[in-house]
Protein chains: 2
Amino acid sequence: MWKSGVTLARALRPRSAPRLGSKASSRASKPAAACHLLWSSETQFSQAGQPKDYALPNASWSQGMLNLYNEFVEKSKDGTWKRIPSYRHSLDHIPDSVKLEGEKVQKDTRLFLRNLDEEGLGFEYVMFLNPSEKRMVTVYQPGPYLEGHPGFTHGGSTAAMIDSTIGSCAIFVAGRVMTANLSIDFKNPIPLGSVVLVDSKVDRMEGRKVFLSCQVWSTDGQTLHAEATALFIQLASLTRR
Amino acid sequence: MWKSGVTLARALRPRSAPRLGSKASSRASKPAAACHLLWSSETQFSQAGQPKDYALPNASWSQGMLNLYNEFVEKSKDGTWKRIPSYRHSLDHIPDSVKLEGEKVQKDTRLFLRNLDEEGLGFEYVMFLNPSEKRMVTVYQPGPYLEGHPGFTHGGSTAAMIDSTIGSCAIFVAGRVMTANLSIDFKNPIPLGSVVLVDSKVDRMEGRKVFLSCQVWSTDGQTLHAEATALFIQLASLTRR
């Protein structure tokens, strides 16, 4: 478990970033906004144009993937669910108004789950949030570059997709958080190229602790591929008030 | 937890592979050899030349990475430790003599941790085995394409590196295995481009259950980045006898 929010906040400060300035102070004064906007579609960008949103259909998506995507888009029309955009750089998810002074997108880094150039080879996924249920579902199609045992996804790639889903769920409910513990039971291997549902929700909160659970199901609901529990800790300086 | 070894063995059969033939029968009769050779440098290949071994120094390795590599190479001279080669395709780790009939490397798939073309962007690592201690250590340099929080490695990539190290350790001690549970405590984030030691060992075995633990340390031994426990299950038809 993380020792303290202060330690965390220090550790998370980019190594090359200058000391906190006026923008950082304004950030500290409105953490809820920062947390709410993080990963949200309201993000505004000062650079020319929006960065590419990877959580949209592309030619590599199977019909099964498209069907599930369309199903959740339909469910989103009344506001019950909401599609979460996804970018290649971590900082693209953070609005300019709450970036630290000197923070800017490092073009030589990439978000781990969006690091392959060609569509369909790696993590193809789109997340949908259900705010009232404190629930995040990812429609996920693992590509051929995520192999572990021949023909199946690597356990580490499944862990990464679970961590990302469950972490995004925690962010929306509790603000900026860090993973403290992630425990996964692997039940049935996931064939490369199949489509699965990663279904996570916040079970309870105790102080700065956020407890979540997650299950990975086949799309027909017949096969439980994995289930997980996780503990996230709200960063002390950025907790929702 | 996996339901049964039989179910597992079926699930792990490549979808396109034919029914088990004579080669499969001979494989079943010598599981220990199969397990021992898996991931080992004694692997023989019928194709022209060896596949490229990625567990060797390249231009992206930092001096710190090279120093640790050289330290373990030195320790390997008396046989206490042994470097484990690493290839791009899962099946390249399995000798021809124990492959299933019809099994051949699928060039359109890649091992998850070796799926990026350019050196230094993703997982740069080399594993060393200490057989008498039932221990596997990975010298690991996470690249800029493994980003989670800006400037730091994604928790999912750390989980993947732990799963791979601890799984390889289990394979050498217990034969072909599958992950049943992986539980990780994240202690301190890992800066992109740093070098860490992933240190795993088999704690005990109970029947087909293999219990392991793992710690991720900074190279100066001052910072514990993560620690984990794992349960692996030996595949019933391939357990070491």
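Hey, can you find the accessible area per residue of the stretch A:120-241 for me, probe 1.4 Å, expressed in square angstrom?
29
Within 10 Å of each Cβ in B:138-146, how many Cβ atoms from other chains are there, averaged over the peptide? Average neighbour count from other chains, rounded to a whole number: 3. With both labels modelled 7 Å from their Cα along Cα-to-Cβ, the A:Asp53 to B:Ser218 distance reads 4.0 nm. Buried accessible surface for the A/B chain pair comes to about 4600 Å², total over both chains, computed with a 1.4 Å probe.
Rounded to whole Å and ordered largest first, report the semi-axes of the equivalent ellipsoid of the stretch A:127-202 derived from its Cα gyration tensor (root of 5λ).
Values: eigenvalues 119, 35, 18 Å².
The answer is 24, 13, 9 Å, longest axis first.
Scoring A:153-163, B:70-80 by mean Cβ neighbours within 10 Å over their residues and listing the highest first yields A:153-163, B:70-80. When the stretch A:51-234 is described by a simple charge dipole with +1 on each Lys and Arg Cβ and -1 on each Asp and Glu Cβ, the residue from A:Gly143, A:Gly167, A:Cys214 located farthest towards its positive end is A:Gly167. Just the protein heavy atoms count here, and of the accessible area of the stretch A:51-234 at 1.4 Å, carbon and sulfur take up 49 percent. Normalised radius of gyration (Cα atoms, divided by 2.2 N^0.38 Å) for the stretch B:51-234: 1.01. Among the listed pairs A:Lys187/B:Lys52; B:Lys77/B:Lys134; B:Lys77/B:Lys187; B:Lys75/B:Lys201; A:Lys52/A:Lys107; B:Lys187/B:Lys209, a Cα-Cα separation exceeding 24 Å is found for A:Lys187/B:Lys52; B:Lys77/B:Lys187; B:Lys187/B:Lys209.
Kindly provide the GluC sites (Glu not before Pro) of the stretch A:101-199 that DSSP labels as loop, not H, G, I, E or B, and whose Cβ sees at most 10 other Cβ atoms within 10 Å.
Values: sites: A:Glu101, A:Glu103, A:Glu118, A:Glu119, A:Glu124, A:Glu133, A:Glu147; in loops: A:Glu101, A:Glu103, A:Glu118, A:Glu119, A:Glu133.
Here the GluC sites (Glu not before Pro) that fit, given the DSSP loop and packing criteria, are A:Glu118.
Rounded to the nearest 20, the Cβ-based charge dipole of the stretch B:50-208 about its Cα centre (Lys and Arg +1, Asp and Glu -1) stands at 360 debye. Starting from the label point of B:Asp220 at 7 Å along Cα→Cβ, the same points in the other copies fall at 5.6 nm, in ascending order.
The values are calculated or read from the model by the stated rules, or taken from the named source; none is laboratory data. Computed from a prediction, not measured in an experiment: that's the story for all the values here. Please note: Cβ atoms are built from the backbone with ideal geometry, for glycine as well, and neighbour counts cover all protein chains shown. Note: areas computed on protein heavy atoms with side chains; ligands, DNA, RNA excluded. Shrake-Rupley method; radii C 1.70, N 1.55, O 1.52, S 1.80 Å.
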